[in-house]
């Protein structure tokens, strides 16, 4: 079957992941990222949406709903905001399916991934976000039910993050 799909490992490949941003009125749910296996990373202590890998047999929406419940203990009505290709500078990149939605139910709970926190939208500039989060949040907040999902890519150019969204 792989030959029928023209799978060629010498081509650029991606790992599929999801990222979810949920609002509740004038608040947005963010995850304060924990140390990974006891190790401090460049993301430790920073805030981002919730998410993770798409597992074999899952579609992106199912993965987004699962990750939201696993990492925060809540449910939300989600819709696809867009897809962001993250160029890691390696042979394998990340295909990030970005979802957004409104909180439905559940009580927040912390996990080994980090601590979920409702942050007032007016206070976003006061917390340490991961580099691309402000761009993604702004893009999602400008969307409405008639806005088609975006296509984008992120990459580093001379050490500076660039995010191009169409």
TODO: Beta carbons within 10 angstrom, averaged per residue: use that to sort the peptides 64-75, 97-108, highest first.
DONE: 64-75, 97-108
- [ ] Would you look at the GNM of the chain, springs on alpha carbons closer than 10 Å, and say which of 63, 122, 110 moves the most?
- [x] 122
Task: Cα centroid separation, the range 64-83 to the range 93-129 (Å) - done: 10 Å
Open item on the list: I'd like the antiparallel share, as a percent to the nearest 5, of DSSP beta bridges with both residues in the chain.
Closed with: 70 percent
Task: the range 15-103, relative contact order [Cα under 8 Å, separation at least 6], % - done: 37 percent
- [ ] Just the ratio, please: alpha-carbon radius of gyration of the range 2-165 over 2.2 N^0.38 Å, N its number of residues.
- [x] 1.05
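Over the range 54-166, calculate the relative contact order: mean separation of alpha carbon pairs under 8 Å at least 6 apart, over the residue count, as a percent.
Numbers: 149 pairs, mean separation 30.4, N = 113.
Contact order relative to length: 27 percent.
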Open item on the list: Per-residue counts of other Cβ atoms within 10 Å, averaged by peptide: what ranking do you get for 47-55, 131-139, highest first?
Closed with: 47-55, 131-139
Open item on the list: In whole Å, what are the extents of the range 102-166 along the principal axes defined by its C-alpha atoms, from largest to smallest?
Closed with: 40, 34, 24
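A short reminder: the numbers here are calculations on the coordinates, not readings from a lab. Treat the numbers as computed from the prediction; the structure is a model and nothing was measured. Here Cβ is always computed from backbone atoms with ideal geometry, including for glycine, and neighbour counts include all displayed protein chains.
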